[in-house]
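Read through the structure below, which is laid out as structure tokens, and then see the notes.
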Amino acid sequence: MIHFIQNFVYYMKFDVIEPNWRAMESKLRAAQDYCSNNDANNTSRESFPRTVDDMLMEHNQFLICIVTQCLLTNSDLIKTVTKLMTTCLLFTTEIKKFIASTKLHEYHEITRVERSKLRHGKGSKYISGAEFRAKRDERIKRCSERILGELKTPTYQHMIRRFDEVFSTHLATFMKLLKEDHGSRSNAHLANLMMQLDYNYFVSSSISTKE
């Protein structure tokens, strides 16, 4: 899930938005230089907006490229991406519940308080280094046993298997749609996305194995 989210966000930010913005910015700067020099006789063939209508057309073209390359014009792709994102959010919610059930935050807070006593405590509030380490090791042991116990429960294992099945199914559908769309329209940006998501062919091999 993390691999998919990171690479999908990277694709949208650095393969789509950034280069398209740089291209439009370059044309706007060229137009600014053209206007500031007041060179009406400039016969350069360089493509940049020379009128307000040209500028509006460039901006419209920029928006079309962003919308298209971010997959927003393909209803099947966007539906599948939405399912993938929803699955990730649901999984995050379940993991937060799991972390809360282990009471890790309570152990961290106790450790923080005792570390403060070790550094700044005086009199009855002082705690020695040996005592601090002994209590911390005991808490780590109890916490580890609690987490291992939770990981072995049928409920947790069923939850992990279910999320793995659902996410893998949606990801397989997404990759197939990407391949079909790329093949029919020859979109280079989709080839970049496919390569990033499946750079070591792990996703492809997983899909083939499950089929």
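At-a-glance table
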{"item": "Residues located in region 111-122, provided they are under 35 Å from the mean Cα position of the chain (by Cα) and either open to solvent by less than 50 Å² (accessible area, probe 1.4 Å) or modelled with pLDDT of 75 or more (or both)", "result": "T111"}
{"item": "The lone exception for R45 - which of (1) open to solvent by 50 Å² or more (accessible area, probe 1.4 Å); (2) modelled with pLDDT of 85 or more it fails", "result": "(2)"}
{"item": "Condition met for K83 (assigned to a helix (DSSP H, G or I), modelled with pLDDT under 80 and either among the small types (G, A, S) or surrounded by 11 or more Cβ atoms within 10 Å (Cβ to Cβ) (or both))", "result": "no"}
{"item": "Residue under evaluation C65, criteria (1) modelled with pLDDT of 75 or more; (2) out of contact with any helix residue (DSSP H, G or I) (no Cβ under 6 Å at 6 or more places or on another chain), criterion not met", "result": "(2)"}
{"item": "Hits in region 2-27 (condition: in contact (Cβ under 8 Å) with a residue 24 or more places away in the chain and open to solvent by 60 Å² or more (accessible area, probe 1.4 Å))", "result": "H3, Y10, I17, W21, K27"}
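To keep it simple, each residue is scored yes or no on (1) modelled with pLDDT under 85; (2) surrounded by 13 or more Cβ atoms within 10 Å (Cβ to Cβ); (3) touching a His at 6+ places or on another chain (Cβ under 7 Å).
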{"position": "L77", "(1), (2), (3)": "no, yes, no"}
{"position": "T87", "(1), (2), (3)": "no, yes, yes"}
{"position": "T93", "(1), (2), (3)": "no, no, no"}
{"position": "K97", "(1), (2), (3)": "no, no, no"}
{"position": "L104", "(1), (2), (3)": "yes, yes, no"}
{"position": "E109", "(1), (2), (3)": "yes, no, no"}
{"position": "S124", "(1), (2), (3)": "yes, no, no"}
{"position": "G129", "(1), (2), (3)": "yes, no, no"}
{"position": "K135", "(1), (2), (3)": "yes, yes, no"}
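The values are calculated or read from the model by the stated rules, or taken from the named source; none is laboratory data. Only a predicted model underlies this, so the values are computations on that prediction, with no experimental measurement involved. A quick note on method: Cβ atoms are made from the backbone with ideal geometry, for glycine too, and the neighbour counts reach across all protein chains shown. Areas reflect the complete protein model, heavy atoms only, side chains present, ligands, DNA and RNA absent. Shrake-Rupley method; radii C 1.70, N 1.55, O 1.52, S 1.80 Å.
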